[in-house]
Each structure stands twice: as C-alpha cells, then as structure tokens.
Amino acid sequence: MTDKPPEPVPRLRHVKPGQRVLLVGDKMIRTLVVKDDHHGYFDGLKASLCHPVEPALMQFGDGGGWRVREAT
C-alpha cells in the first residue's frame, strides 16, 4: 500500500504585505495591504488568513514553505 501525503494548501497567511495574490474564488489579483493576527486587508476587502490562495502564483519548497512566486 502506498500512502501519498496530503498536498499542502497555500493560504493568505503565507503572503506578506505588498505582495500580489489571487484568492481562491476571486477573479482579480489583489495586493495585500496589511495583516493582523486573524485577517488580511486589501483595498476594500478583508479576508481570513486561512483563506486559500491560487497555487499558480505561489511556490513551495526549498525549506521556505509557501511563498509568492517572484516575477521573472
């Protein structure tokens, strides 16, 4: 029997203020303005830090966990 470990999910808590991200279920890429202990704030939007973000704009690994993919 082969057990596949669960895939980690990128969440808003992995994003730093000033970085651009696409929240799952949203159609617009937004820039995170500020975070507190429970929420992230965008221009006109407040989201929980546990809200998932689109993995296409994120990168995982190299000992750094999830982080926003740098533009090349």
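The values are calculated or read from the model by the stated rules, or taken from the named source; none is laboratory data. Keep in mind that this is a model prediction, so the values were computed, not measured. Note that each Cβ is placed from the backbone with ideal geometry, even for glycine, and that neighbours are counted across all protein chains shown. Protein only, heavy atoms only, side chains kept; ligands, DNA and RNA dropped before computing areas. Shrake-Rupley method; radii C 1.70, N 1.55, O 1.52, S 1.80 Å.
Using a simple spin-label model with points 7 Å from Cα along the Cα→Cβ vector, what separation in nm is obtained for residue 9 and residue 28?
According to this spin-label approximation, the distance is 2.5 nm.
Express the carbon and sulfur contribution to the solvent-accessible surface of the chain as a percent, rounded to the nearest whole number, probe 1.4 angstrom.
55
Students often get this wrong: which residues of the range 8-39 have the backbone nitrogen under 13 Å from the point 7 angstrom along Cα-to-C-beta of residue 67?
Counting backbone N atoms under 13 Å from the label point, the list is 14-16.
Would you grab the residues whose amide H sits under 5 Å from the one on residue 53? Only those 5+ places off in sequence or on another chain, please, with H modelled 1.01 Å from N.
When sequence neighbours closer than 5 places are left aside, the close amide H contacts are 11, 12, 24.
List the extent of the Cα atoms of the chain along each of their three principal axes, largest first, rounded to whole Å.
49, 29, 24
Accessible area per residue, 1.4 Å probe, Å², for the chain: what's the number?
73
Explain nothing, just compute: Karplus ³J(HN,Hα) = 6.51 cos²θ - 1.76 cosθ + 1.60, θ = phi - 60°, for every residue of the range 53-62 in order, whole Hz, x for Gly and Pro.
Those phi angles translate into 10, 5, x, 4, 9, 10, 9, 10, x, 6 Hz.
Do you know the relative contact order of the chain, to the nearest whole percent, from alpha carbon pairs under 8 angstrom that are 6+ apart?
With pairs under 8 Å counted, the relative contact order is 31 percent.
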